[in-house]
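> My questions will all concern the structure given below.
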Amino acid sequence: MKNKICIIVFLLCSILIFGQEEQQLGVLESDTTWLKEIIKFPIGFAPKINYEGYEDLRFAKKWRTPTHDDFWCYMFAWHINRNEEQTVALLEKNIKFYYDGIMKAVNKKKDFEVPETTVLFIKTENNKNTDFIGKLYVYDSFTSEAMMTLNVRVKTHYCEETESSTILFKLSPQGFEHEIWKRFNEVNLKDNLCEH
């Protein structure tokens, strides 16, 4: 009986500690108009992405409504325990692993082979915090069950003192002149980014 009580107490403490740890994770700050999710690496649907750390996501509330301007508008930050310079080739490889994995994982059509993702990035700055822009041609297994093009902006941040990196992705099918790209500025990286 004592062993059962000890096991139950241990499990409850583990759940409580894990829940507190999850609440502390995050490098993005946003108000409640953005939906939030945290996923730890390695990511189950994309195990080939060889990172330790976590992904912090923010979704526009209507991101799954095809008739709304916010359809597929979201952003995420990979906060990784590696101070690794991002290149076009590395970003393209990891984003392909990510989207091929997630679209296959959520695909609802039996005996349907999800088309592979095509990724194209270009580097837009050559400084410590490098910027990239790009396009993804990806199958939408979540909603439309069709191919779509997502425009992407990427910004990298390196923290020498913690030997970590944060890679911030903003994605939308809307052109870069659309107001959603200004609304993305409502979500900010935390000031103490390098302390996480």
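Where a number appears in this text, it was derived from the coordinates with a stated rule and is not lab data. Predicted, not measured: the structure shown is a model, and the values here were computed from it. Neighbour counts are summed over all protein chains in view; Cβ atoms, including those assigned to glycine, are modelled from backbone coordinates with ideal geometry.
> Name the residue that is farthest from the chain's Cα centre (by Cα), counting only residues in segment 40-66 that are among the β-branched types (Val, Ile, Thr) and over 15 Å from residue 142 (Cβ atoms).
Among those residues, the one meeting the criterion is 49.
> What residue, among those in segment 137-187 that are over 17 Å from the mean Cα position of the chain (by Cα) and of a type in the set (A, V, I, L, M, F, W, C), is farthest from residue 102 (Cα to Cα)?
159
> Residue 77: under 20 Å from residue 133 (Cα atoms), small (Gly, Ala, Ser) and surrounded by 13 or more Cβ atoms within 10 Å (Cβ to Cβ), yes or no?
Considered against the rule, which asks whether it is under 20 Å from residue 133 (Cα atoms), small (Gly, Ala, Ser) and surrounded by 13 or more Cβ atoms within 10 Å (Cβ to Cβ), residue 77 comes out as yes.
> Let me ask something else about it. Could you please let me know if residue 102 is of a type in the set (A, V, I, L, M) and within 16 Å of the chain's Cα centre (by Cα)?
In short, yes.
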